[in-house]
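Below is one structure, written out as structure tokens; the observations come after it.
The values are calculated or read from the model by the stated rules, or taken from the named source; none is laboratory data. No experiment lies behind these values; they were computed from the predicted model shown. A quick note on method: Cβ atoms are made from the backbone with ideal geometry, for glycine too, and the neighbour counts reach across all protein chains shown.
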Amino acid sequence: MFELIHSLFTRIDSISTFSVLVYFLIKRPKTETAFYWFIGFISSECIFIIAAETQALYSKYHHTDYNNLPLFHLASILYVINLLQFFRHLFPTKTNKVIDIIFLILFGFLSIFNFIYLTRTFTIYGLTSIWVVIKCMFYYSQEFTNPTKSDILKSKIFWVVSGLFLYFSVCFFVFITYDYITFNPKATRILDIIPTWLIQNCISTLSCGFFIKAIKCKE
């Protein structure tokens with residue numbers, strides 16, 4: 001029973017992500033362009049999960065070692081492309097374009113480094129988290145400084161941004177510490193006390209609840 005519960009928690013983020021995509025395909029709501037780029041982000045995550053599981057099963061069946069780092073690095077690029085387009089449709093201002101350019105320069109440098117040396121580093125996810133949180137804060141500032149007559153709680157974009165803000169703001173701390181914890185022999189014991197990746201899975205699941213709420217909205 002314990003192994004079953006543990007297995008469920010290790011995959012709960014994947015199950016939640018697929019649930020969002022399936023629910024969207026069932027409901028097929030009419031919405032704005034930005035929301036479709038968000039669905040592209042969710043679809044990229046689903047494709048990555050399928051590819052990673054397929055690679056792992058193939059390796060297990062053929063008793064061969066495999067390197068999933070190129071897959072991780074490629075996935076991070078797909079995520080950023082979709083999120084970049086999502087946020088650009090929300091507020092195409094000069095300030096946001098400058099933030100995007102600075103982020104893309106740093107992101108491109110880290111991506112090239114990761115592909116050349118095929119090293120696993122969550123630094124690039126930490127950087128992406130900072131960028132997403134800043135963009136979400138811009139959205140909140142825009143909405144609450146110049147409120148519209150419509151109810152913001154009925155806005156699909158509000159719930160999407162809130163889900164992204166929750167996930168990336170909390171998991172930022174997981175990303176920036178995970179490499180140190182897993183590669184430092186003295187620090188690996190921390191994982192027995194604080195299962196950081198299970199925390200990430202739970203936060204991801206909560207965020208997916210926000211995303212499903214976004215799909216339900218009838219704006």
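Annotation note: Cβ proximity below 7 Å between a residue of region 102-116 that is under 17 Å from ALA75 (Cβ atoms) and a residue that is among the hydrophobic types (A, V, I, L, M, F, W, C) (sequence gap 6+ or interchain) occurs for PHE107/VAL80; PHE107/ILE124; PHE107/LEU127; LEU110/ILE124; LEU110/LEU127; SER111/ILE77; SER111/ILE124; ASN114/ILE124.
Condition check ((1) in a helix (DSSP H, G or I); (2) in contact with a Ser or Thr (Cβ under 9 Å, 6 or more places away or on another chain); (3) farther than 21 Å from ASP13 by Cβ) across all residues:
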site	(1), (2), (3)
ASN82	yes, yes, no
ASP100	yes, no, yes
LEU104	yes, no, yes
SER111	yes, yes, yes
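Consider region 21-72. How many of its residues are surrounded by 14 or more Cβ atoms within 10 Å (Cβ to Cβ), free of Cβ contacts under 8 Å to residues at least 40 places away in the same chain and not in a helix (DSSP H, G or I)? Looking only at that region, the number is 1. Can you work out which of the residues in region 114-155 that are basic (Lys, Arg) and surrounded by 14 or more Cβ atoms within 10 Å (Cβ to Cβ) is modelled with the lowest pLDDT? This residue is ARG120.
Only residues that are farther than 22 Å from GLY163 by Cα and surrounded by fewer than 14 Cβ atoms within 10 Å (Cβ to Cβ): list them for region 83-113, please. The answer is THR93, LYS94, THR95, LYS97, VAL98, ILE101, ILE102, ILE105, GLY108, PHE109, ILE112.
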